[in-house]
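What follows is a set of notes on a single structure, which appears directly below.
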Amino acid sequence: LTMAPVMRLGAAALVLVGVAMVAYSVSYEVSQPNELLSPLQVGRYAVRAERQSQDYDQKAERQIAFATDNDNAASGERDLAAKEEKRARDSAYLAADVKSRIDKILEEGRDQVNQATKLKAKAGRLQEMAAELLGKGKTEKETAAALKAKYYKTMDDYGKAVEEIDKSTQKAQQILDQMNGQSLTLAQIATEYGTASDHGKDPGAAAATALKAQLQQAQKDLAAITAQKAQADDDTANARKLADQYQPLIIQAEKDKRSSDFHFQEFAHLTQQADELQNRADALLARADSIDGLIQSTQQELASKRKGFEHYKNRAQTEMAISLQAEDKEALLRKQAREARYKAAELSDKARRLRALAQKGVNNVMESTEDIQQES
């Protein structure tokens with residue numbers, strides 16, 4: 001009988017040690033391990049252990065719920081990342097397509113600019129050639145005009161000389177006619193005088209005397225006219241000499257006239273060639289202007305395409321950034337979910353071990369109680 005209390009005290013001590021160890025692991029203030037506890041105290045510690053276990057279970061459930069929520073959120077972020085990545089790929093594809101179109105438009109624009117530049121350069125060369133031909137034509141025209149003026153001046157001078165010749169010839173002819181008339185008059189008077197003087201036998205006859213005076217006057221008039229005839233002959237000779245001097249000038253003037261006509265023809269030909277070149281230059285410039293219009297249209301289209309490219313590029317970058325951010329967030333949520341599950345597992349394991357120890361202490365108390373009752 002004296003050993004039973006000792007056994008009960010030993011069993012209670014064992015339970016106390018077990019409960020104390022559990023209480024120490026969950027940071028509860030318990031008595032010293034060598035303190036002897038009553039069954040009531042052991043029961044209280046067991047209830048407290050059960051409550052602590054339930055608290056661990058609730059915390060574990062909350063951690064599991066948190067992990068589940070994080071997994072669900074991570075799945076949503078994964079879906080969002082996949083969706084945004086797909087949209088980013090689509091936007092990148094559109095940006096690449098627009099970029100290829102921009103490159104094609106740039107190539108077409110460069111071709112148009114090169115073509116317009118070549119046309120303008122060719123038109124410029126044609127205009128220079130036309131200007132050069134016009135310059136030559138101007139020289140030809142001026143030369144022709146100078147030769148023509150020289151020809152007309154020479155012909156005018158020659159015409160004046162011819163007029164002088166005609167005047168001298170007419171004057172000489174008039175004097176010759178006067179001489180012939182005076183010679184006839186003199187011959188008639190001489191005949192009459194011969195008849196009146198009986199052929200010199202009676203020169204003192206009255207009629208002969210009167211006719212002799214007339215004869216002497218007629219001789220004087222004939223001498224005067226003869227003197228004028230000599231001067232007229234000199235004037236006519238000088239005029240003819242002047243005409244002879246003008247003959248080579250007339251020949252040269254005719255040559256100058258033909259040369260003037262040739263220069264005028266060359267001027268007309270050069271002008272025609274210059275006009276043709278200018279027309280070709282104008283046609284090329286018109287084509288260049290048309291191409292300039294195409295260039296402006298191409299520039300507008302290029303600006304629109306570049307705007308679209310920047311839009312798609314920025315959208316792709318934004319969508320990719322959202323995708324990467326969603327992936328990072330998914331990874332973080334997955335990590336937090338794993339940590340929460342690990343923590344929940346630790347809490348569940350603590351609750352299980354705490355229940356096991358508490359149950360073990362209760363069982364020991366029950367066994368001790370049964371032993372005491374059997375002994376009594």
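The values are calculated or read from the model by the stated rules, or taken from the named source; none is laboratory data. Every value quoted in this text rests on a predicted model; they were computed, and no experiment measured them. Neighbour counts run over all protein chains shown; Cβ positions are idealised from the backbone, glycine included. Keep in mind that these areas ignore ligands, DNA and RNA; they rest on the heavy atoms of the full protein, side chains included. Shrake-Rupley method; radii C 1.70, N 1.55, O 1.52, S 1.80 Å.
A quick yes/no check of all residues on (1) acidic (Asp, Glu); (2) open to solvent by 80 Å² or more (accessible area, probe 1.4 Å); (3) modelled with pLDDT of 80 or more; (4) within 30 Å of LEU332 (Cα to Cα):
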| site | (1), (2), (3), (4) |
| --- | --- |
| SER27 | no, yes, no, no |
| GLN32 | no, yes, no, no |
| LEU37 | no, no, no, no |
| ARG48 | no, yes, yes, no |
| GLN52 | no, no, yes, no |
| GLN63 | no, no, yes, yes |
| THR68 | no, no, yes, yes |
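Can you tell me which residues in segment 206-250 are within 25 Å of LYS150 (Cβ to Cβ), surrounded by 15 or more Cβ atoms within 10 Å (Cβ to Cβ) and of a type outside the set (Gly, Ala, Ser)? Selection gives ARG240, LEU242, TYR246, LEU249, ILE250. You will find that of ALA131, ALA116, ALA144, ALA88, the residue that is touching a residue at least 12 places away in the same chain (Cβ under 8 Å), among the small types (Gly, Ala, Ser) and open to solvent by 50 Å² or more (accessible area, probe 1.4 Å) is ALA131 and no other. Is it the case that ALA81 is open to solvent by less than 40 Å² (accessible area, probe 1.4 Å), among the hydrophobic types (A, V, I, L, M, F, W, C) and either closer than 13 Å to GLU330 by Cβ or at pLDDT 85 or above (or both)? So ALA81 fits the description; yes. Residue pairs whose Cβ atoms lie under 8 Å apart, separated by 6 or more positions or on different chains, with the first residue in segment 201-229 and assigned to a loop (DSSP other than H, G, I, E, B) and at pLDDT below 75 and the second open to solvent by less than 60 Å² (accessible area, probe 1.4 Å) and aliphatic (A, V, I, L, M), are ASP202/ALA208; ALA205/ALA196.
Looking only at segment 286-301, decide whether some residue is within 23 Å of LYS83 (Cβ to Cβ), surrounded by fewer than 18 Cβ atoms within 10 Å (Cβ to Cβ) and not β-branched (Val, Ile, Thr).
Step one: of segment 286-301, the residues within 23 Å of LYS83 (Cβ to Cβ) are none.
The answer is no, given that none of the residues of segment 286-301 is within 23 Å of LYS83 (Cβ to Cβ), surrounded by fewer than 18 Cβ atoms within 10 Å (Cβ to Cβ) and not β-branched (Val, Ile, Thr).
Considering every residue within segment 299-315, establish whether at least one is under 30 Å from ALA60 (Cα atoms), without any contact (Cβ under 8 Å) to a residue 40 or more places away in the chain and among the basic types (Lys, Arg). Checked segment 299-315: no residue is under 30 Å from ALA60 (Cα atoms), without any contact (Cβ under 8 Å) to a residue 40 or more places away in the chain and among the basic types (Lys, Arg). For the residues ALA149, ALA121, the requirement of being under 19 Å from GLN278 (Cα atoms) and out of contact with any strand residue (DSSP E or B) (no Cβ under 8 Å at 6 or more places or on another chain) singles out ALA121. Criterion applied to ALA253, ALA268 was being buried (at least 18 other Cβ atoms within 10 Å of the Cβ), under 30 Å from ASP156 (Cα atoms) and of a type in the set (Gly, Ala, Ser), and the one residue passing it is ALA253. Taken together, the residues in segment 91-105 that are farther than 13 Å from GLU310 by Cα and open to solvent by less than 70 Å² (accessible area, probe 1.4 Å) amount to 3.
When ILE322, ILE295 are checked against the criterion of being in a helix (DSSP H, G or I), in contact with an Asp or Glu (Cβ under 6 Å, 6 or more places away or on another chain) and either of a type outside the set (Gly, Ala, Ser) or farther than 24 Å from ALA65 by Cβ (or both), ILE322 stands alone in meeting it. Inspect all residues belonging to segment 189-196 and state whether any of them is open to solvent by 80 Å² or more (accessible area, probe 1.4 Å), at pLDDT below 75 and of a type outside the set (D, E, K, R). Within segment 189-196 (the criterion being open to solvent by 80 Å² or more (accessible area, probe 1.4 Å), at pLDDT below 75 and of a type outside the set (D, E, K, R)), the answer is yes, since at least one residue qualifies. Whether any residue in segment 335-357 is open to solvent by 70 Å² or more (accessible area, probe 1.4 Å) and among the aliphatic types (A, V, I, L, M) is what I want to check. Among the residues of segment 335-357, not one is open to solvent by 70 Å² or more (accessible area, probe 1.4 Å) and among the aliphatic types (A, V, I, L, M), which makes the answer no.
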